[in-house]
Structure formats: structure tokens, C-alpha cells
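Accompanying notes for the structure given below.
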Amino acid sequence: RLAISMVTYDINTGKFIINKEAEKVIKDLKSPFGVISVAGMYRTGKSYLLNRVLLNQSNGFTVGPSINPCTKGLWMWNKTIQAHTPQGKPVNLLIIDTEGIGATDEDHNHDNKIMTLAILLSSYFLYNSMGTIDENSIQSLSLIVNITKNIQKKNGNNNFVKYLPTFTWVIRDFSLQLKNKEGQTITSKEYLEYSLELQQGRSDVIKNKNQIRKMVKEYFPNRDCVTLVRPLLEEGSLQNLEKTNESKLRKEFIEQINYLRKAILNSINPKKLNGQELSGEMFINLLHSYVDMINEGAVPVIQTAWTYVRQNQAIISKKKCMEEIPSPEGNQ
């Protein structure tokens, strides 16, 4: 397996730690590169989704058959895969798997920190859920949008959306027919937009529901939705899905997975900050800055992180210049 720990949580110190192996891999990243992360409630098959969709294999990131969460902190694939921008330009893609939201052994504060890192580091964000888009699933998504709202409050409102990733909602084990009220066939994206329509009413409950919908639309203007049928019909076989040969998976599931893979890998924007494409060195400095702020109990300030990145780049540039200047002894 080539999945390595990227950021772990030290229960003794209460701090997040960046893995040294991951740091070395990231520093060597070739520009331009994009960053995709997947998030969702724990035990909903996020890791399998990454393995099957992006890696085109049944295993890679850790997958387990029990109710216990397998992924803790942030994990990453230790090499990039080839993707393209929406304009067709080649871009390297770094893949990140996140700890599931709502695990029984962690609290909301821990979830907030993990999701804050995922949102700020990504140029493409996959949200994984099961079943349908209903009030429960939208409430689960509210954690993501409320975290984004907190980041916005800390960073100001000036063109904040430019710092946020492209958003795709992947709905697993989807069994409904995609039709509107008139019985006409609709796309999965239209299904998402229909689900995000504001509800009628003036009660506090309705206001809360509509606020979440408004924030999804505001923070993720570049959004999409893809539905996937259940990969197998036999319940028992689902417990060991990662060990199931592709030939035994439902044909419709394979077709949908292939469509999703193609759609994602041709929609990756390079990771940028203030309009500048990041190098691997700049990205790891950005990660250090975000982790340091989170460890101090603060919501990361993007411009503060950018200043840190620029200062480190200046130090590196100065060091390279000094190394290239011949010594006086060498000229004698």
C-alpha cells in the first residue's frame, strides 16, 4: 500500500503533527498540482470511493468491514496521479483521505479541525454520503458549511470564495429514479439543485434549513452531484467490498464509477493562493502554518499563512543565491 499518514493527532499533547515522510513527498511535488480530499460521515466508504474512483483499484487507502473508523487524521497517497484542468492542461493530483465525521471516539471540535484542514488544503472537495439527499444528509453537510462560515468570518468577506475548492457530492447506494415533480428525467446535478431550493415557511426550523442551503450555494458555486447505485446486491458481500473482484460488481455501478473518475480527473484546478500556483515547498509551508494556528486554538487566517509561505520562500531563494556565489578562495 502506498497510503501514508499526512497529519496525525497526538492524544497526549492534544496537538496535530505533520508526518515527516509525507513532508518529504510533498516537498518534491512538481507544479502544477491539484489537491483532492474526500470527506463524509465515518463508516460510509470514503476510502473505498477513493480507491475505486481515483486509484482505479479495490484497495489502497485502508478499508475495514466493522463499524470502527479506519482513517484517523489525514492520509495521502505517496505519489501523484495524472489529471487535467477544465481547460485540458495536465496537472498532477495529490489525493487526501480524511477522518470520518461523527466518529464516536472523537468530538465535534476534533471534526472541525480535520475538516478545516481539508477545506483549506484542497482545490477539489468530494463529499461522500449514503442514500438520498434529505434533511438528515443536508444537516450532516451543515458541519462542512458552518466550518467554511467560521473560516470566512476570520478571513473577511472579500472574494473569499476564490480560496474554496470545487465541490462534488457523491451519493452512494442510491436507488431512486432521478425525476422531477412532473415525472421528467433529470440529471444528478439538477437533483442537487432541486434539493437546495429554499423551503417555504417562516419558522425557526425552516430558517435554519434554508440558511444551510444558502451557504452551500454561496461557498460552493462550482458544485456537482453524482449518484452511485449499490455496488453489490448481496448484503454479506458488502462487508468485504475491497476484496471483491471488479467482474462481480454491478455493471451500472462500474459505468457510474468510470463516469465519475473521468469527470473528476478532467476538472482539477492547480492549488493556488493569491493567484499563484504553489510548489511542493510552498504547500508544505502552508500546511505547517495552518497546523500551527489550529494547534494554538485559532481558526487559520489565510493571509497570515501566505505571509509565512512568502517569508520561507525568500529565505530559500536567498540561500540558493548564496550557494551560487563563488567564494573568494575559489577565484584565487
**Message:** Just to be sure before I move on: is Leu249 modelled with pLDDT of 95 or more and open to solvent by less than 70 Å² (accessible area, probe 1.4 Å) in the structure I sent?
**Reply:** no
**Fill in**
If we ask which residues in the stretch 134-192 are surrounded by 14 or more Cβ atoms within 10 Å (Cβ to Cβ) and either closer than 20 Å to Asp224 by Cβ or of a type in the set (A, V, I, L, M, F, W, C) (or both), their number turns out to be 31
**Asked** Does any residue in the stretch 218-239 that is assigned to a helix (DSSP H, G or I) come within less than 7 Å, Cβ to Cβ, of a residue that is at pLDDT 85 or above and open to solvent by less than 60 Å² (accessible area, probe 1.4 Å) six or more places away or on a different chain, and which pairs are these?
**Response** Tyr219/Val145; Tyr219/Thr148; Tyr219/Val161; Tyr219/Leu164
**Hey, Leu120 closer than 27 Å to Ile206 by Cα and either free of Cβ contacts under 8 Å to residues at least 24 places away in the same chain or of a type in the set (A, V, I, L, M) (or both) or not** = no
**Message:** Restricting to the stretch 165-186, name every residue that is at pLDDT 95 or above and part of a loop (DSSP other than H, G, I, E, B).
**Reply:** Pro165, Ile186
**Some residue of the stretch 40-51 being aliphatic (A, V, I, L, M), open to solvent by less than 10 Å² (accessible area, probe 1.4 Å) and modelled with pLDDT under 90** = yes
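The values are calculated or read from the model by the stated rules, or taken from the named source; none is laboratory data. This is a predicted model, so every value here is computed, not measured. Here Cβ is always computed from backbone atoms with ideal geometry, including for glycine, and neighbour counts include all displayed protein chains. Only protein heavy atoms, including side chains, enter the accessible area calculation; ligands, DNA and RNA are left aside. Shrake-Rupley method; radii C 1.70, N 1.55, O 1.52, S 1.80 Å.
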